[in-house]
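Heads up, the thing below is written out as structure tokens.
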Amino acid sequence: MATSAFKHTREEILGLSVPLFAKVGFDGVSMRDIAAVVGVTPAALYHHFSDKEQLCLAAVGHAFEEKVRPLKSLLEGGEQPWDRLEAFVALFTRMLAREKDFRRLMQWVLLDSNEQRLQSLADCVFRDLFSALHQLAGDLAGELAPVYDANLLVVSMLGLVIYPFETQSVRCFLPGHQHQHEDPEAIARHVVGLLRNGLGASSEVP
């Protein structure tokens, strides 16, 4: 029972920490802030996490694993590469549209200037999904566009999906914006269309 209670408390701390880190980033949150939101003393918080660094890494890992587990399953399925890519883009886009705290948390991670923390996140949190995408990109490149680099394909695929959400607050004021541009299904179709027309149209990089 004690072990179960300990795990529940740790999960609760991580779940409540994510919105705080998502709102103001690593530097804007203190252990005292987190303890207040969780409803425990700072000493109790330190019982589970040795410092804010460890708590932040665990919170990002908790949020990321929870959200991307279904994405990894799609990428590692037995379908054809394009089918896996389309399913991934559609699910990833819907998830980003729904999970505002997750989007903000990822933006803070990308803005982080602490190389050691970023290295830890790359090794312990992001590597599995990136590797699955890298394998898919390699399948696509080998089948359709062998001159493309698989690593850059992964970065491009992620960027095409994520950027519309990162720019959401300002895009509505720019020329040509339409309400349907905020529809995750429309974004997914647009991204897949760009990838199909770009990767499938030619085997040569201009």
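Data table
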item: Residue satisfying condition, being under 26 Å from Ala122 (Cβ atoms), part of a helix (DSSP H, G or I) and in contact (Cβ under 8 Å) with a residue 40 or more places away in the chain, within set Ala58, Ala87; result: Ala58
item: Any chance Ala97 is within 22 Å of Pro164 (Cα to Cα) and assigned to a helix (DSSP H, G or I); result: yes
item: Pick from the range 61-84, criterion acidic (Asp, Glu) and assigned to a helix (DSSP H, G or I), ranking: nearest to Asp123 (Cα to Cα); result: Glu65
item: Failed item, numbered, when Phe126 is tested on (1) crowded, with 17+ Cβ neighbours inside 10 Å; (2) farther than 29 Å from Ala59 by Cβ; result: (2)
item: Residue among Asp149, Asp139 that is in contact with a helix residue (DSSP H, G or I) (Cβ under 6 Å, 6 or more places away or on another chain), surrounded by fewer than 19 Cβ atoms within 10 Å (Cβ to Cβ), of a type in the set (Asp, Glu) and at pLDDT below 90; result: Asp139
item: Positions within the range 17-30 being surrounded by fewer than 16 Cβ atoms within 10 Å (Cβ to Cβ) and closer than 14 Å to Phe49 by Cβ, in sequence order; result: Ser30
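The values are calculated or read from the model by the stated rules, or taken from the named source; none is laboratory data. The structure presented is a predicted model; accordingly, all values stated were derived computationally and were not measured. Here the Cβ is made from the backbone with ideal geometry for all residues, glycine too, and neighbour counts use every protein chain on show.
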